[in-house]
There are 2 protein chains.
Amino acid sequence: MKAYLDCYPCFLTQTLKTARFVTSDEKTIRQILDEVGLALAGRSFDAPPPVISQAVYRIIAARLGVQDPYREIKKACIGQALSLYPRLKRLIAESPDRLWTAVKLAIAGNVIDFGANADFDLKRDVDQILAQDPAVNHFPEFRKMLDKAGRILYLADNAGETVFDRLFIEELQKPVIYAVRRSPIINDALYADAVESGIGEVARIISSGVGTPGTVLAFCSHEFLETYRSADLIISKGQGNFEALSDEDRPIFFLLKIKCDVVARHLGRNKGDIILMSSKTNSLPIPG
Amino acid sequence: MKAYLDCYPCFLTQTLKTARFVTSDEKTIRQILDEVGLALAGRSFDAPPPVISQAVYRIIAARLGVQDPYREIKKACIGQALSLYPRLKRLIAESPDRLWTAVKLAIAGNVIDFGANADFDLKRDVDQILAQDPAVNHFPEFRKMLDKAGRILYLADNAGETVFDRLFIEELQKPVIYAVRRSPIINDALYADAVESGIGEVARIISSGVGTPGTVLAFCSHEFLETYRSADLIISKGQGNFEALSDEDRPIFFLLKIKCDVVARHLGRNKGDIILMSSKTNSLPIPG
């Protein structure tokens, strides 16, 4: 999916928000806005949003002199999610369909985000998503593919959401390779975040090689690309990974919450909808 | 009130929205976004938002080759408001306090806007605002000042809202001078819009001399400024006029709906709140 013109003002909104996380100096924030504005003006939008996003966040980090502005927030989100872990584990154990509950929790964890929509309340939003039916629901296909799958690749999204991923992976009952970003971008999970969330106990953690908030294949490492090409089931979390991989012809299941109008329009769905969508059935009528 | 940094991305959102009203050519829209972005980057924010807004909309109009992109929309809004006129007139006639109902309707008319928030449904929103208590309510002071006032100046905001202004002016029972913008800016009322709304029958219509979406005194005509300085009651409609005049030491009553987070924060109120506020009592506790 390529960036839309609606992403243009949104990049500046994100710039403002991120800069304000780190500093209250209006002059510095203004300089960053100007610099991002100038960079956007000269930039092709013939790329997925995560590619442009990376350029934007690089400017912000450079100007702020902070390599990872969301570091503390990521830690806090992981801590908060870990505190929910026992309750969620029990919820899965007591549910009539463990895999279904786990997949919904994995999508629920995607409410944690500071890019497109930073306004969330983890506990409340998780409860709400558990009560919500996915607007696109390819769970039957997912279960079938999972049964046959030998090599599962799991593309992580945000720190904290990683704890929900762990719960889901525990239900997959298969070996999983879990791919995180190589370098800090927004609140996306890095290697250390995955470890801190306990992913190391349930999957092999690798880096995709990117510092984009989405798995942009052109920027991925050779090692990652080999794993990606040989996987027979790819679980892709979040909008960023969807934006980067929506046109790919691989056996991908996209799990996400729609967080902005652009992705809503692209999918013909509504903001706030939750999605469990197979790349193979994008154009097919949605099964019940 | 000076522009906040939050206005920066909002100017680009407004640019996108306005350009899309006129053209679907993505390349042209992109060029306009770039040009506005570059203009913002070099611009001082040490001015009320309407001043910057004018520069933004001038770029849009020049690039689109359309002097008044909202012309048709303004006509449609006036038509829609005129069709509600008989019902609203009856509503006032049948109400226990005609002036109070009329002032609330005048604020309700302020939902018509294509700047800060273009998402409105006139009939539904009017009903909702009539049922809503103002978050700031200086109506007792307003009534007192009105009783004594000899020279009333009324600062118009949007086309269509003008019909609601007419209903309000009819209840004032005093001579009123009604000031509109000199040249097209967003959907703000011009002379012809005021006439079409029937304002000519209840007030003398003058131009403030500005093409800014708010009465920025530095840009006003000498004729208007004389009227402004000698008025003993000034009724100011909408966010734009509030942004331009909020620091003024004149007997102004601000009637508006809060349409964006910036003004909400500035006033310590919420987006969606309706306001009837005296400039003289800004810092006083709010009477019941």
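Read the figures in this text as sums done on the coordinates, not as results from a lab. What you see is a predicted model, and the numbers here were worked out from it, not measured in a lab. Neighbour counts run over all protein chains shown; Cβ positions are idealised from the backbone, glycine included.
Take every pair of alpha-carbon atoms less than 8 Å apart whose residues are at least six positions apart; their mean separation over the length of segment A:7-64 yields a relative contact order of 46 percent.
Quantify how much of the Cα-Cα distance distribution of segment B:50-153 extends past 22 Å, in percent. Everything past 22 Å amounts to 49 percent. Segment B:1-28 and segment A:121-145 have Cα centres separated by 35 Å.
By the equivalent-ellipsoid construction on the alpha carbon gyration tensor, the protein assembly as shown comes out with semi-axes of 52, 25, 21 Å, ordered largest to smallest. Applying the criteria of a DSSP loop state and at most 14 other Cβ atoms within 10 Å to the GluC sites (Glu not before Pro) of segment A:208-262 yields A:248. Modelled label positions at residue B:248 and residue B:151, each set 7 Å beyond Cα in the direction of Cβ, lie 1.3 nm from each other. For segment B:1-73, chymotrypsin sites (Phe, Trp or Tyr not before Pro) are listed when DSSP marks them as loop and at most 10 other Cβ atoms sit within 10 Å of their Cβ; the list is empty.
With N the number of residues in chain A, Rg(Cα) / (2.2 N^0.38 Å) evaluates to 0.95. Per residue, the average separation of C-alpha pairs within less than 8 Å and at least 6 apart gives chain B a relative contact order of 20 percent. Max-minus-min Cα coordinates of segment A:7-64 on each principal axis give 34, 19, 17 Å, with the largest extent listed first. Estimated purely from DSSP H runs of n ≥ 4, each contributing -39500 (n - 2.57), the mean residue ellipticity at 222 nm for chain B is -15500 deg cm²/dmol once divided by its residues.
Plainly put, the tip 7 Å out from Cα toward Cβ on residue B:93 is 7.3 nm from that tip on each other copy, the closest given first.
Based on DSSP H assignment, which helices of chain B show an axial Cα extent of at least 20 Å together with a mean Kyte-Doolittle hydropathy greater than or equal to 0.5? Flagged H segments are B:49-64. For the protein assembly as shown, DSSP calls about 25 percent of its internal beta bridges antiparallel. Summarising the amide proton neighbourhood of residue A:47: residues at separation of 5 or more, or on other chains, whose placed amide H is nearer than 5 Å comprise A:3.
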